[in-house]
1. Less than 12 Å apart at the alpha-carbon level, and either on another chain or at least 8 residues along: which aspartates and glutamates does that give for K22?
2. Ranking F115, F221 by Cβ neighbours within 10 Å, fewest first, what do you get?
3. Please rank D29, D215, fewest neighbouring Cβ atoms within 10 Å first, as an exposure proxy.
4. Add -39500 (n - 2.57) for each DSSP H run of 4 or more in the chain, then divide by its residues: what number comes out at 222 nm, to the nearest 500 deg cm²/dmol?
5. Which entry in [x] 0.95; [y] 1.30; [z] 1.24 is this structure's computed Cα Rg over 2.2 N^0.38 Å?
6. Going by amide H atoms built from the backbone, whose H comes under 5 Å of the H on E269, apart from near neighbours?
7. Please compute the length gained on full extension between V165 and S64, using 0.36 nm multiplied by the number of residues separating them and subtracting their Cα-Cα distance.
8. Which whole-angstrom value gives the distance between the alpha carbon centres of the stretch 265-289 and the stretch 23-89?
Amino acid sequence: MNWVLAAAASALFAGLTSVLAKVGIAHTDSDVATAVRCAVVLLFSWVMAAISVGDVPAALAQISPRSYAFLALSGLATGGSWICYFAALAEGDVNKVVPIDKSSTALSALLAIVFFGETGHLGVKLAAIAAILAGTLMMVEKRRTAGAPAGQGRRWVLLAVAAAVFAALTSVLAKVGVSGVDSNLATAVRTCVVLVMAWAIVAARGKLSLVRRCDHRELGFICASGVATGASWLFYYYAIQAGQVSVVTQIDKLSILVSIGFARAVFTERLGRRAAAGLALIVAATLAMAIWA
């Protein structure tokens, strides 16, 4: 199935995004980094949309108001997810933040079952969702990151949970929004909303002056993460348009393997036995849903 391969490609690029972004926000403000990444993703997505549909103005005119509304809502949810996610990455370890963020798959699958009637192999899906949540809890260590201020250890957890909730809403809203719309064009439209939201937050928080002071090396990694995000989105929204949301979201979240693998290689972040067992449980449950559901 082509949409399964597309979901797998989305997972690969999403995993690279986390690591590239983590390097890019070592000294750069996370809100500024998010806004810069949005600009890169916007350029990337519109180039791909132009290649895909050819006559962009004509294609835009054919999108229904309902689709525009849901794409806009999906973009707002994505913006909220990004802001929370990269703020969490700035404070916590990749191998702790990513598992919480990826738990959005469980909520996405539940919402897909309720709103889209994706009840095929329901027992497998529910068992997999429970296993993913259990594995996520096993991977999140309670101890505070060394050197972090008191209270910060809990803040990144809340930010990561918020990112997961927004990400789950993104998938469901986008499924409605891309119905009958070229997936590349839909990605470009919703990215416009994300861009406006991201820069509005930077301006509202008085951080525009920080843009000029971005470290050039980190800026390169931020832009690279934007390209990786754009590639991930293009594959992802094609997959949810052609396939089942409850399955696509599970495959896409296997990006956790890529993120944690690079986190160990680049940041020397190691998994304890409990966390490794949780990761194995998440992967097994995700594969079970992809194969049997």
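1. K22 reaches E91, D93, E218.
2. On the way: F115 12, F221 20.
Least crowded to most crowded, the residues run F115, F221.
3. Ranking D29, D215 by Cβ neighbours within 10 Å, fewest first, gives D215, D29.
4. -27500 deg cm²/dmol
5. Calculated Cα Rg over 2.2 N^0.38 Å: the matching label is [x].
6. Those qualifying (amide H under 5 Å, at least 5 residues apart or on another chain) are R264.
7. Computed gain between V165 and S64 is 33.7 nm.
8. Cα centres, the stretch 265-289 to the stretch 23-89: 29 Å.
Each value in this text was obtained by applying a stated rule to the coordinates, not by laboratory testing. Everything quoted here is computed from the prediction, not taken from an experiment. Cβ sites come from the backbone with ideal geometry, for glycine too, and all protein chains shown count toward neighbours.
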